[in-house]
Amino acid sequence: MSDPSALIRWSSCPQRPLIWFGIRDVVFQLVATPWLLLPLSAGLLWIASGLLPITRSLRAGLLGTLLVCVFLLYTPLSTRLLSSWLLFQVPQPDTAQSSVAVLVGRRAEISQSTTTLAADLERQGLIHTIYVSGDGRATAERLVALGVPPENVAGDTCARTTWENATLTTAWLRKENPGAPLPAITLITDPWQLPRAALAFQRQGVAVKPLVAPIDHLSARDQNRLALRETAALLLYRLQRRT
């Protein structure tokens, strides 16, 4: 009996290392690690404030204020505030009918939730095709295991960033719909990445229905890291005019 997953329309790309990724990961690791960021911030501020014509007591006050602010970034309150701000940035869903769901590559714990939600939508007849962008083939195979017909599943391992998720998926949509307007998509991902991903797809001219996958099994630390990471990434995308 043939393997049904062989019917998945899948594209693989050789993964070339990018220097930027290494730098980015170091920066994000620094930001997400309090015991690294706190002393580094304190040292830099102490050196910088020493160049200013201010008293030693004022320098100490500035240092203490900075350390308190940095410490607050890692609290549950910060996670809630940043998460709420991110969800506020999610664009309004497009009213066009969507038959394609797009899942963007994320960590395994998140892809379990996104694939479950996408399979439920397909089972209800709300979508027809599911495209997995920038993730492993195992994610597509999990959709098949959840009951999605393999011929309705497509994807790639090529996208390495959220921007590439948007550009490469848009190219696939054009290829699948030659001479026709780009179809609307239902974009499924975690609540932290959703605003940046939705805005990136809109930038490509794709009508988007953003949909949050329920994520309730991540630790408080992981949620805080995602909130910090995606807040910084969304601000960077705005500077780059990618939203």
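The values are calculated or read from the model by the stated rules, or taken from the named source; none is laboratory data. These numbers were taken from a predicted model, which means no experiment stands behind them. Neighbour counts run over all protein chains shown; Cβ positions are idealised from the backbone, glycine included. Ligands, DNA and RNA are stripped out before the accessible areas are found, and what is left, the full protein with its side chains, is counted by its heavy atoms. Shrake-Rupley method; radii C 1.70, N 1.55, O 1.52, S 1.80 Å.
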Leu103: passes all of (1) outside any helix (DSSP H, G or I); (2) within 30 Å of Leu37 (Cα to Cα) but (2)
Cross-chain or 6+ apart pairs with Cβ under 8 Å, the stretch 4-15 first and open to solvent by 50 Å² or more (accessible area, probe 1.4 Å), then of a type in the set (Lys, Arg) and outside any loop (DSSP other than H, G, I, E, B): Ser12/Arg137
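For every residue, the table says whether it meets (1) outside any helix (DSSP H, G or I); (2) open to solvent by 10 Å² or more (accessible area, probe 1.4 Å).
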residue	(1), (2)
Arg174	no, yes
Pro191	yes, yes
Leu199	no, yes
Arg221	no, yes
Leu234	no, no
Just checking, does the stretch 151-170 include any residue being over 21 Å from the mean Cα position of the chain (by Cα), aromatic (Phe, Trp, Tyr) and open to solvent by 30 Å² or more (accessible area, probe 1.4 Å)? no
Qualifying positions in the stretch 72-87 - surrounded by fewer than 18 Cβ atoms within 10 Å (Cβ to Cβ) and part of a helix (DSSP H, G or I): Leu72, Pro76, Leu77, Ser78, Arg80, Leu81, Ser84, Trp85, Leu87
Mind telling me which of the residues Val144, Val68, Val102, Val90 ends up being open to solvent by less than 20 Å² (accessible area, probe 1.4 Å) and either among the hydrophobic types (A, V, I, L, M, F, W, C) or modelled with pLDDT under 95 (or both)? Val102
Inside the stretch 129-152, can you point out the residues that are outside any helix (DSSP H, G or I), on the phi < 0 side of the Ramachandran plot and not aliphatic (A, V, I, L, M)? Thr129, Tyr131, Ser133, Asp135, Gly136, Pro149
Every pair of residues 6+ apart whose Cβ atoms lie under 9 Å, when the first sits in the stretch 164-182 and is at pLDDT 90 or above while the second is in a loop (DSSP other than H, G, I, E, B) and among the β-branched types (Val, Ile, Thr): Ala166/Val206; Thr169/Val206; Thr170/Val206; Leu173/Val206; Leu182/Val206
Provide a single number: the residues in the stretch 113-128 that are outside any helix (DSSP H, G or I) and surrounded by 20 or more Cβ atoms within 10 Å (Cβ to Cβ). 1
Scan the stretch 89-96 and tell me whether some residue there is in contact with a helix residue (DSSP H, G or I) (Cβ under 7 Å, 6 or more places away or on another chain) and part of a helix (DSSP H, G or I). no
Quick one: in the stretch 61-114, of everything that is out of contact with any strand residue (DSSP E or B) (no Cβ under 9 Å at 6 or more places or on another chain) and of a type in the set (Lys, Arg), which residue is nearest to Ala48 (Cα to Cα)? Arg80
Can Arg238 be described as under 26 Å from Thr79 (Cβ atoms), touching a helix residue (DSSP H, G or I) at 6+ places or on another chain (Cβ under 6 Å) and open to solvent by 50 Å² or more (accessible area, probe 1.4 Å)? no
